[in-house]
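Structure record follows, encoded as structure tokens.
The values are calculated or read from the model by the stated rules, or taken from the named source; none is laboratory data. Being a predicted model, the structure only gives us computed values, none of them experimental. Here the Cβ positions follow ideal geometry from the backbone for every residue, glycine too, while neighbour counts run over all protein chains shown. Surface accessibility is based on the protein's heavy atoms, side chains included, excluding ligands, DNA and RNA. Shrake-Rupley method; radii C 1.70, N 1.55, O 1.52, S 1.80 Å.
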Amino acid sequence: MIRQGEPSAGQIIHQRRSLLSCDGKTSIAAKRFYHMLERVMPRVEWPVPQRPMPWDAIPWDPAIHFGLFVHRVTGVESGLYVLARDPAKVERLRQCMHTHFLWEAPPDCPDELPLYLLERGDARTLATQVSCRQDIAGDGAYSLGMFAEYEPTLVARGPWFYRRLFWEAGLVGQVLYLEAEAAGVRATGIGCFFDDPVHQVFGLQDLTFQSLYHFTVGGAVDDRRLTTLPPYAADDAV
């Protein structure tokens, strides 16, 4: 249901753009942050046909989880976090990560959202370094690495399932893109990152989980060298 004054889904889809640079100052509210993360939860406790869109289009349980670098979320401490997109995988993630991590639920986090603070502190430089020294990873409100359930999944399903992991990561990214637009900020995928250092940051020592893709959300800085045209200008019916 769309509330009065809020943009329609069509408007958000049409205006969706990838950010090229973050302003290094825009923050988002904790409530909005939690809402964005709730939207990537497939609700595996529900039968597949009843799962929320678009997760009803994926016929397997979620295999992509988040290692987050939180920088500018009002009401949420800066630091390292983890989100288990399948609540049943929390313990597996815990066993694979550093033993000194806190595993604390942040304040006012919805009970049904398995998000945990691992380590407090300024993670902006760290996020930038592991994302091929790209400033967008540290200058946004938050960035994240998508951790795939890797070796056990490929052994069980076969090597062909590798591309399915990327399909899931791509769908997660598209949801985050639209949620960022709805929040008045922007987002972009980060295809260049150093997976071994990422694993070291979170304590991943084998191939149970593999860093597959990165993403960032923040206040966008427009590049005036580029020309922006209205979306779908040739098709008024869209």
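Just to be sure I understand, how many residues within the stretch 214-234 are open to solvent by 30 Å² or more (accessible area, probe 1.4 Å), in contact with a strand residue (DSSP E or B) (Cβ under 8 Å, 6 or more places away or on another chain) and among the β-branched types (Val, Ile, Thr)?
Final tally of qualifying residues: 1.
Rundown of residues vs (1) within 18 Å of residue 124 (Cα to Cα); (2) surrounded by fewer than 16 Cβ atoms within 10 Å (Cβ to Cβ), yes/no style:
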site	(1), (2)
19	yes, no
41	no, no
82	yes, no
95	no, yes
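Say whether the condition of being open to solvent by less than 60 Å² (accessible area, probe 1.4 Å), within 12 Å of the chain's Cα centre (by Cα) and either of a type outside the set (A, V, I, L, M, F, W, C) or more than 20 Å from residue 127 (Cα to Cα) (or both) is met by at least one residue in the stretch 200-213.
no
Tally up the residues in the stretch 141-177 that are touching a Lys or Arg at 6+ places or on another chain (Cβ under 6 Å) and either open to solvent by 10 Å² or more (accessible area, probe 1.4 Å) or part of a helix (DSSP H, G or I) (or both), please.
The qualifying residues number 2.
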